[in-house]
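The values are calculated or read from the model by the stated rules, or taken from the named source; none is laboratory data. Model, not experiment: these values are computed from the prediction. All Cβ positions, glycine included, derive from the backbone under ideal geometry; neighbour counts span all protein chains shown. Each accessible area value is taken on the protein alone, full model and side chains, heavy atoms only, with ligands, DNA and RNA left out. Shrake-Rupley method; radii C 1.70, N 1.55, O 1.52, S 1.80 Å.
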Amino acid sequence: MSSLKDFSDAVRDGQDSTERHTFNEMTFGSGGATVAVKGNGTEDDDCVVLALGGAIMHLPKGTNAEVILLSGGGDNNAKFALVVGPRDKQYASQPGEAWTQDPMDPNKRIGFTANGVRIVGTQSGTIAIGDNGAVEVDKDGNVWLRGQVYVERPIIQQTKAFTS
C-alpha cells in the first residue's frame, strides 16, 4: 500500500497526537461543548470536549487551567480535549476517599468517605435536592420538605421534646 505522506508528515502527526495547551474559553453549540486553547505558538478554537463520567467543567474564560488535546494527527477536526481544572485549587483528599469538587473552589465538594457520602461547603450553607429544592437543609440545620411526602413504613420515635 502506498501513501502520499512523506517522513516529515509522519513525524508531525506523531507529535500532534498529544498536545498540552492553556485553557482559553469554552462554548456550547448544537454539537456539544468545544474549547478554545492557546499554547506552544498555536491556537485551536473548536476542539470537542470529552465529558468523562458525564462531567464537563465550564470554567470562566481565561482560567488558569490546562487542556490536553488528543488526536490521530494534524487534523484540527479530529482533536478531542481533556480539560484539567486549576491544579492550585484541587482538594487534597485523604487515602480511601473520592471527591468531586467545584473546579474553582476546593471547599465546595461532594465525596465518598468512610463516614458516608458528604456534601461540603455551599456558600449559603444550604444543600437542596430537586429542581425546586424539594428537600433542603439550611445553614441552621433546619430540614425543609416541599411537596407531597409519602412514607412507606412510618416509624416515629421521639428522642427529645419538639420545639415550635
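Looking for something more than 19 Å from MET26 (Cα to Cα), surrounded by 14 or more Cβ atoms within 10 Å (Cβ to Cβ) and modelled with pLDDT of 80 or more - is there at least one such residue anywhere in segment 120-129?
Yes: segment 120-129 contains one or more residues that are more than 19 Å from MET26 (Cα to Cα), surrounded by 14 or more Cβ atoms within 10 Å (Cβ to Cβ) and modelled with pLDDT of 80 or more.
May I ask you to list the residues in segment 27-66 that are among the hydrophobic types (A, V, I, L, M, F, W, C) and within 13 Å of the chain's Cα centre (by Cα)?
Scanning segment 27-66 gives ALA33, VAL49, LEU50, ALA51, LEU52, ALA55, ILE56, MET57, LEU59, ALA65.
If I go through segment 42-69 residue by residue, how many of them are part of a strand (DSSP E or B) and open to solvent by 70 Å² or more (accessible area, probe 1.4 Å)?
3
Report, by residue number, each residue of segment 18-32 that is over 16 Å from GLU66 (Cβ atoms) and part of a strand (DSSP E or B).
Once the filter is applied, which keeps residues that are over 16 Å from GLU66 (Cβ atoms) and part of a strand (DSSP E or B), segment 18-32 yields THR27, PHE28, GLY29, GLY32.
Taking segment 135-153, which residues are open to solvent by 70 Å² or more (accessible area, probe 1.4 Å) and closer than 14 Å to ILE119 by Cα?
Answer for segment 135-153, where residues must be open to solvent by 70 Å² or more (accessible area, probe 1.4 Å) and closer than 14 Å to ILE119 by Cα: just LYS139.
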